[in-house]
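Trainee: Before we start, here is the structure in question, set down as structure tokens.
The values are calculated or read from the model by the stated rules, or taken from the named source; none is laboratory data. All values derive from a computational prediction rather than experimental measurement. Every residue, glycine as well, gets a Cβ built from its backbone with ideal geometry; the counts of neighbours run over all protein chains shown. In case anyone asks, the SASA skips ligands and DNA or RNA and just uses the protein heavy atoms, side chains included. Shrake-Rupley method; radii C 1.70, N 1.55, O 1.52, S 1.80 Å.
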Amino acid sequence: MAKPQKRYVCQACGSVASRWQGQCADCSEWNTLVEEAGAVVTPFAAKHNLQGGGRSVVLTSLDAEVTLPERMVTGIAEFDRALGGGFVEGSATLIGGDPGIGKSTLLLQAAARMALAGHSVAYVSGEEAADQVRLRARRLGLGNAPVQLAAASSTRDILTTLSTGAPPALLVIDSIQTMHSDLIEGAPGTVSQVRASAQELIRFAKERGTALVLVGHVTKDGTIAGPRVLEHMVDTVLAFEGERSHQYRILRAIKNRFGGTDEIGVFSMQSEGLAEVANPSALFLTHREEGVTGATVFPALEGTRPVLVEIQALVVRLASGATPRRAVVGWDSGRLAMILAVLEARCGLSFSTAEVYLNIAGGYRVQDPAADLAVAAALVSALSERPVPSESVAFGEVALSGELRPVAHGPLRLKEAGKLGFERALVPIAVAKDGKGEGAMHLTGFRTLGQFVDHMLGRG
Ligand code: TYD
Ligand code: MG
């Protein structure tokens with residue numbers, strides 16, 4: 001057997017160096033280089049002709065016949081929605097999320113539902129003993145589902161087992177970081193192990209038409225642990241998000257070769273597992289009181305789905321010359337700095353000697369640029385101690401010039417706000433013109449942020 005060459009793999013980005021360095025040359029992370037053995041030609045690799053002497057591939061034309069892959073619905077509508085209509089045969093899906101967020105629970109529920117619907121389903125846990133999984137299934141009321149359960153972590157053992165007989169329609173691997181491939185050296189969870197194990201499992205899935213689901217751990221900055229290549233290797237990447245202290249969870253498609261990436265599934269964690277939330281707006285809108293300053297309701301859009309959330313701001317004047325704090329939960333801090341700058345430079349409001357706190361209620365994370373105007377409204381309201389008119393929502397993008405830009409799907413946002421009992425909307429002028437005749441909503445349009453601030457402060 002050839003002597004394996006020493007190499008050092010960055011555990012953050014997966015890049016390879018020939019010498020150890022304190023800092024990764026590619027991603028600049030410190031102390032992430034770990035020695036890993038290089039690829040060795042194993043009997044398996046030699047037999048499968050993995051090196052040299054390739055076979056010729058068939059080249060075909062783009063307009064050749066296509067057979068659309070079959071989809072299997074999980075029966076959990078919110079899950080199917082995030083997947084773009086269910087699992088695709090022979091595809092690989094990666095689900096990432098913080099520990100304890102509910103990945104295993106969600107997948108066990110989906111596996112059980114699919115098994116009860118007549119699909120053959122295998123659930124392999126590398127983290128929990130079979131009894132633990134069984135107990136959880138029982139607690140979820142799914143103890144009688146015909147799921148094939150295994151506690152294993154060797155990919156060779158798993159694939160050997162599944163290769164005898166008909167392959168399962170769905171194979172869940174919980175988690176890919178606990179899997180171990182003997183084609184390569186190294187402890188489970190290292191970049192090369194994760195990559196090699198995933199490769200073997202994905203090859204099996206493609207060859208046998210099994211829908212493969214890999215659970216992936218995330219690092220503290222929220223990316224899926226191990227190499228980014230894992231995200232390239234799979235067809236679909238889903239993120240399971242939420243605050244552990246809050247009930248709700250969002251399943252978001254980040255990449256999907258078989259569907260859109262703008263759909264989300266919304267769940268709430270109950271004592272009997274994850275329940276679907278068909279109307280998320282009611283979940284995120286906390287109980288609202290009249291006349292509170294520093295709060296606005298923002299009709300966010302998740303894909304094609306409107307979700308109303310409350311944006312809260314707190315402005316605290318500082319007496320001393322200390323550097324004021326800016327803290328943001330649930331929104332981009334760079335974007336907050338930008339809105340503050342525009343309010344200062346274009347609207348004559350001063351936040352420079354005040355601490356600013358911004359929070360999205362319910363632990364929700366807003367990514368929609370249309371939140372700018374709602375954030376500005378909350379900030380102006382907090383600064384001036386005047387409440388935003390009740391029964392109103394605000395949305396629109398703020399440009400650096402102070403102009404208000406229209407945003408996508410204005411009518412959809414207005415419709416949702418109307419459904420939840422809101423009567424007024426503060427919007428960019430273009431939205432106000434477009435949105436005429438949108439039910440009973442009263443629209444007030446503004447051309448610039450300055451005009452909007454004047455309106456809020458009752459100036460001219
Ligand atoms: P789990 O699915 O194990 O999370 P992950 O696989 O992402 O690490 O979820 C564990 C958490 O969910 C745990 O803190 C308890 C909670 N939970 C419930 O609240 N209700 C339930 O019915 C179940 C099964 C778990
Ligand atoms: Mg788990």
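Trainee: Count the lysine pairs in the chain that are 8 or more places apart or on different chains: how many have C-alpha atoms under 29 angstrom apart?
Mentor: 14
Trainee: So how much slack lies between HIS442 and LEU412, counting 0.36 nm per residue of separation and subtracting their Cα-Cα distance, in nm?
Mentor: 9.3 nm
Trainee: Give the relative contact order (percent, whole number) for the chain; include only Cα pairs under 8 Å separated by 6+ residues. Numbers along the way, then the final one.
Mentor: Details: 970 pairs, mean separation 53.9, N = 460.
Relative contact order, the chain: 12 percent.
Trainee: Which of rounded, prolate, oblate describes the range 71-278, given a ≥ b ≥ c as roots of the alpha-carbon gyration tensor eigenvalues and a/c under 1.5 marking rounded, otherwise prolate only if a/b is larger than b/c? Before the final figure, lay out each step's value.
Mentor: Working: a/c = 1.34, a/b = 1.18, b/c = 1.14.
Because its axes are fairly even, with a/c under 1.5, the range 71-278 counts as rounded.
Trainee: Can you compute the FRET efficiency between GLU207 and GLN132 using 1/(1 + (r/R0)^6), with r the Cβ-Cβ distance and R0 = 35 Å? Round to the nearest 0.05.
Mentor: Working: r = 31 Å, r/R0 = 0.89.
About 0.65, to the nearest 0.05.
Trainee: Let me ask something else. Taking the Cα centre of the range 252-399 as origin, sum charge times position over the Cβ atoms of Lys and Arg (+1) and Asp and Glu (-1), and report the length of that vector in debye to the nearest 20. Intermediate values should be presented prior to the final figure.
Mentor: Values: 12 positive and 16 negative charges, 93 e Å.
It comes to approximately 440 debye.
Trainee: Let me ask you something else. Relative to the present Cα-Cα distance, how much length would full extension add between ALA341 and THR67 at 0.36 nm per residue of separation? Each step should come with its number before you reach the end.
Mentor: Numbers: separation 274, 0.36 × 274 = 98.64 nm, distance 5.37 nm.
Gain on extension, ALA341 to THR67, equals 93.3 nm.
Trainee: Related question: As a check on your grasp of the helix formula, calculate [θ] at 222 nm for the chain: sum -39500 (n - 2.57) over DSSP H runs of n ≥ 4, divide by the residue count, round to the nearest 500. List each step's numbers first, then the result.
Mentor: Values: 13 runs with 127 residues, N = 460.
Helix contribution divided over all residues of the chain: -8000 deg cm²/dmol.
Trainee: Can you give the translational diffusion coefficient of the range 283-457 in µm²/s, computed by Stokes-Einstein from the Kirkwood radius over Cα pairs at 37 °C and 0.692 mPa s? Please list the in-between numbers first.
Mentor: Values: Rh = 15.9 Å.
The diffusion coefficient I find is 207 µm²/s.
Trainee: Around ALA430, with a cut-off of 11 angstrom between Cβ atoms, what is the net charge of the other residues, counting Lys and Arg +1 and Asp and Glu -1? It would help to have the intermediate numbers written out before the result.
Mentor: Values: positive: ARG405, LYS433, ARG447; negative: GLU397, GLU403, ASP434.
Taking every other residue near ALA430 into account, the sum is 0.
Trainee: For the chain, give the percent of accessible area contributed by carbon and sulfur heavy atoms, probe 1.4 Å, rounded to a whole number. All intermediate terms of the calculation are to be shown ahead of the outcome.
Mentor: Numbers: 11290 of 21980 Å².
Solvent-exposed carbon and sulfur of the chain make up 51 percent of the total.
Trainee: Follow-up question, since we're still on this one. For the pair GLN148/GLU243, report the inter-label distance in nm, with labels modelled 7 Å from Cα in the Cβ direction.
Mentor: Here the modelled spin labels are 4.3 nm apart.
Trainee: Quick test of your reading: applying the under-4.7 Å Cβ rule, which cysteines of the chain are isolated?
Mentor: If one checks each Cβ against the other cysteines of the chain, CYS347 turn up with nothing under 4.7 Å.
Trainee: Continuing with this model, one more query. Counting residues in the chain as N, plug N into 2.2 N^0.38 Å and put the Cα Rg over that result.
Mentor: Details: Rg = 26.1 Å, N = 460, 2.2 N^0.38 = 22.6 Å.
Scaled against compact globular proteins, the figure is 1.15.
Trainee: Would you work out if the range 371-460 is rounded, prolate or oblate? Take a ≥ b ≥ c from the square roots of the eigenvalues of the alpha-carbon gyration tensor; rounded if a/c is under 1.5, else prolate when a/b is larger than b/c, oblate otherwise.
Mentor: Here the range 371-460 falls in the oblate category.
Trainee: A further question follows. Just name one of GLY84, ALA275, MET72: the one whose Cα is farthest towards the positive end of the charge dipole of the range 71-278 (beta-carbon charges, Lys/Arg +1, Asp/Glu -1).
Mentor: MET72
Trainee: Still on this structure, I have one more. Please return the longest range in the chain lying between exposed loop sites, taking GluC sites (Glu not before Pro), DSSP loop only, at most 12 other beta-carbon atoms within 10 Å, and leaving the sites out. Show your work: numbers first, answer last.
Mentor: Details: sites that count: GLU65, GLU272, GLU289, GLU290, GLU385.
Value returned for the longest uninterrupted segment is 66-271.
Trainee: Next question, about the same structure. Need the full-extension length gain, GLU35 to GLN21, defined as separation in residues times 0.36 nm minus the C-alpha distance. One decimal, nm.
Mentor: Details: separation 14, 0.36 × 14 = 5.04 nm, distance 1.07 nm.
Gain on extension, GLU35 to GLN21, equals 4.0 nm.
Trainee: Compute the whole-percent fraction of alpha carbon pairs in the range 206-353 spaced more than 25 Å apart.
Mentor: Working: 5411 of 10878 pairs.
Tail of P(r) above 25 Å: 50 percent of Cα pairs.
Trainee: Where both residues lie in the chain, what percent of DSSP beta bridges are antiparallel, nearest 5? Each step should come with its number before you reach the end.
Mentor: Values: 44 of 82 bridges.
Just about 55 percent of them are antiparallel.
Trainee: Still on this structure, please answer the following. Between ALA275 and SER28, how high is the FRET efficiency from 1/(1 + (r/R0)^6) when r is the Cβ-Cβ distance and R₀ = 41 Å? Nearest 0.05.
Mentor: Efficiency for this residue pair is about 0.45.
Trainee: So if I take the centroid of the Cα atoms in the range 109-137 and the same for the range 175-194, what is the distance between those two points in Å?
Mentor: If we compute the Cα centre of each part, the gap is 23 Å.
Trainee: Just to be sure I understand: of the beta bridges DSSP finds with both ends in the range 283-457, what percent are antiparallel, rounded to 5? Can you show the working numbers first?
Mentor: Working: 18 of 31 bridges.
Once the DSSP bridges in the range 283-457 are tallied, antiparallel ones form about 60 percent.
Trainee: Would you work out which of VAL407, VAL307, GLY445 lies farthest towards the positive end of the dipole of the range 283-457? Charges go on Cβ: Lys and Arg +1, Asp and Glu -1.
Mentor: Among VAL407, VAL307, GLY445, the one farthest towards the positive end of the dipole of the range 283-457 is VAL407.
Trainee: May I ask which residue of SER333, CYS27, LEU171 lies farthest towards the positive end of the charge dipole of the chain, with charges of +1 (Lys, Arg) and -1 (Asp, Glu) on Cβ and the Cα centre as origin?
Mentor: CYS27
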